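Step one of this worksheet: look at the structure below.
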Amino acid sequence: ARRERVTSGSTAVTTRDAPEDEFRGSDRFLVRRRLGAGGMGIVYHVRDRERQEEVALKILNRRYEHALGWLKREFRALSEVVHPNLVALHELISDGHQVFFTMELVRGSDFFDHVRGDGRDRDDHPRARHFQYLHQPLPTR
């Protein structure tokens, strides 16, 4: 069952010595490992003690906090989209310090490992420079 829940309170816990957007876990979420980071935030593999399952948790970069209203509307709309090739969205949570959401955890390899499929280091692959463009922002004019 998909549900949206925007909460306030002490859901997320950060430490003073952690990077600004780093998530260290909470009473509810046990961080297993960091999966990756991108322009919008950092994704973690966590144990959701309330749901009793492994999920992905994405902490949004602070620059998106002002857009919480927009994010709530988008989350509601997208959480109802069901397709076998899309991850299921679970909850959108704001604790007053951080905004994050949980979603289905997909196990497997990352994009580079999947496409390359040869076990070599990313930067050693002949097409690595082409794949790097996928992570570059588009130039502005």
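Do we find that E54 is touching a His at 6+ places or on another chain (Cβ under 7 Å), more than 13 Å from I93 (Cβ to Cβ), modelled with pLDDT of 75 or more and open to solvent by less than 70 Å² (accessible area, probe 1.4 Å) in this structure?
yes
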Counting only residues that are acidic (D, E) and within 17 Å of I42 (Cα to Cα), which one in region 64-113 is modelled with the lowest pLDDT?
E65
Sort through F112, F75, F100 and tell me the only one that's in contact with a Gly (Cβ under 9 Å, 6 or more places away or on another chain) and either of a type outside the set (G, A, S) or part of a strand (DSSP E or B) (or both).
F100
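The values are calculated or read from the model by the stated rules, or taken from the named source; none is laboratory data. Keep in mind that what you see is a predicted model, and the values were worked out from it rather than measured. So basically every Cβ, Gly included, is an ideal-geometry build from the backbone, and we count neighbours across all protein chains shown. Side chains included, ligands, DNA and RNA excluded: accessible areas come from the protein's heavy atoms. Shrake-Rupley method; radii C 1.70, N 1.55, O 1.52, S 1.80 Å.
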